[in-house]
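Some notes on the structure that comes next.
The values are calculated or read from the model by the stated rules, or taken from the named source; none is laboratory data. From a predicted model like this one, the values you see are computed outputs, not experimental measurements. Cβ placement follows ideal geometry from the backbone for every residue including glycine, while neighbour counts extend to all protein chains displayed. In case anyone asks, the SASA skips ligands and DNA or RNA and just uses the protein heavy atoms, side chains included. Shrake-Rupley method; radii C 1.70, N 1.55, O 1.52, S 1.80 Å.
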Amino acid sequence: MTDGVLQEYMGACQARVEQALQRWLPDVRLPPTRLHAAMRYAVLGEGKRIRPLLVYATGAALGTAQGRLDGPACALELIHAYSLVHDDLPAMDDDDLRRGRPTCHRAFDEATAILAGDALQTLAFQVLATDPTLDTRAEVRVRMLEQLARAAGSRGMAGGQALDLDAEGREITSVELENIHIHKTRALIRAGVRLATLLSDAGEDEVARSLDRYAKCIGLAFQVQDDILDVAGQTAVLGKTQGKDQRQDKATYPALLGLDAAREKAQLLCQEALTALDALDAAAEPLRRIARYIVSRNR
């Protein structure tokens, strides 16, 4: 799969999940109209859609029909969108720019942004609980709900954000930094691969374990590259404020290891992810290309 083919694949997946999200999000004409407008503003439009992309690519590697993957892809993106809305709030990261436009609380107001995040989170679980296109057994649906809840909660993304806030302004070790991002960033990326694996009924076989190793590596690599881009990227390209981590005295890989060592770490994680896929055939090629893209992207 060439880079051009990867871009085409990514574009098709992005368009697919965008259409599915359009169907799940409440119409802005329905009351409460301002809340529904804020929800759609936070989710639709610009975005890499990495998490849904991983759902589709993992499903492709396992031979799952694409139509069955729309629900998990939407659920993950809704959780991700809610987390961004809340992370941008003044009480958290206090940011004014997200995906190249004003953050949700700037476009609307803080109270509406908080409620929009809350509603997006609950909608994610509604999608997994009720989507008829999942076409799976009740026990598999419950396991998928459990996986998403664990990835989003105090032992996952929310807990990672709490650890990140606690680390601001103090020196931490590389072990502590990795623990932050195992929870804050990796948990939800790993969940994308895991949800598609559960849906395929792969269970806990060797292929499922290989995919989980892949997900662990790219989940951490994604955060390392994000940290690098905060130092070396440009606001206009990133779509968010460059240099914000340093100004807030946040713990990052470049700050702890240095920029060159952080880049080396990202490449090593990418290689570990690719190695984890050695036993999979050509159907896993999108996953391989996604790993390379994650550590070479500029936004």
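Overview of values
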read-out: Matching entry among ARG99, ARG106, ARG68 (being modelled with pLDDT under 95 and of a type in the set (D, E, K, R)); value: ARG99
read-out: Given (1) surrounded by fewer than 17 Cβ atoms within 10 Å (Cβ to Cβ); (2) in a helix (DSSP H, G or I); (3) over 19 Å from the mean Cα position of the chain (by Cα), index of the condition ALA113 fails; value: (1)
read-out: Filter result for the condition that a residue is without any contact (Cβ under 8 Å) to a residue 12 or more places away in the chain and within 17 Å of the chain's Cα centre (by Cα), over GLY159, GLY153; value: GLY153
read-out: Some residue of the stretch 73-95 being over 22 Å from ALA20 (Cα atoms), within 14 Å of the chain's Cα centre (by Cα) and open to solvent by 10 Å² or more (accessible area, probe 1.4 Å); value: yes
read-out: Residue match in the stretch 178-190 (condition: under 21 Å from THR275 (Cα atoms), touching a residue at least 60 places away in the same chain (Cβ under 8 Å) and open to solvent by less than 30 Å² (accessible area, probe 1.4 Å)); value: yes
read-out: Single unsatisfied condition, THR235 versus (1) at pLDDT 95 or above; (2) surrounded by fewer than 18 Cβ atoms within 10 Å (Cβ to Cβ); (3) touching a Gly at 6+ places or on another chain (Cβ under 9 Å); value: (1)
read-out: Every pair of residues 6+ apart whose Cβ atoms lie under 7 Å, when the first sits in the stretch 64-84 and is within 19 Å of ALA152 (Cβ to Cβ) while the second is outside any helix (DSSP H, G or I) and open to solvent by 20 Å² or more (accessible area, probe 1.4 Å); value: LEU84/ARG98
read-out: Subset of the stretch 116-125 (residues that are without any contact (Cβ under 8 Å) to a residue 60 or more places away in the chain and either in a loop (DSSP other than H, G, I, E, B) or surrounded by 13 or more Cβ atoms within 10 Å (Cβ to Cβ) (or both)); value: ASP118, GLN121, ALA124, PHE125
read-out: Of residues in the stretch 16-47 being open to solvent by 50 Å² or more (accessible area, probe 1.4 Å) and within 22 Å of ALA291 (Cα to Cα), the one farthest from the chain's Cα centre (by Cα); value: ARG16
read-out: Residue satisfying condition, being open to solvent by less than 20 Å² (accessible area, probe 1.4 Å), at pLDDT below 95 and not polar (S, T, N, Q), within set LEU128, LEU148, LEU134; value: LEU134
read-out: From VAL207, VAL193, residue being open to solvent by less than 50 Å² (accessible area, probe 1.4 Å), over 18 Å from LYS250 (Cα atoms) and of a type in the set (A, V, I, L, M, F, W, C); value: VAL193
read-out: Candidate set from the stretch 96-110 (those that are touching a Leu at 6+ places or on another chain (Cβ under 7 Å) and open to solvent by less than 70 Å² (accessible area, probe 1.4 Å)); member that is nearest to ARG34 (Cα to Cα); value: HIS105
read-out: Positions within the stretch 133-149 being free of Cβ contacts under 8 Å to residues at least 40 places away in the same chain and either more than 27 Å from PRO32 (Cβ to Cβ) or assigned to a loop (DSSP other than H, G, I, E, B) (or both), in sequence order; value: ARG137, ALA138, GLU139, ARG141, VAL142, GLU146
read-out: In the stretch 248-273, the residues that are outside any helix (DSSP H, G or I) and surrounded by fewer than 17 Cβ atoms within 10 Å (Cβ to Cβ); value: GLN248, ASP249, GLY258
read-out: The stretch 274-293, residues that are open to solvent by less than 70 Å² (accessible area, probe 1.4 Å), out of contact with any Gly (no Cβ under 9 Å at 6 or more places or on another chain), assigned to a helix (DSSP H, G or I) and not basic (Lys, Arg); value: LEU274, ALA276, ALA284, GLU285, PRO286, LEU287, ILE290, ALA291, TYR293
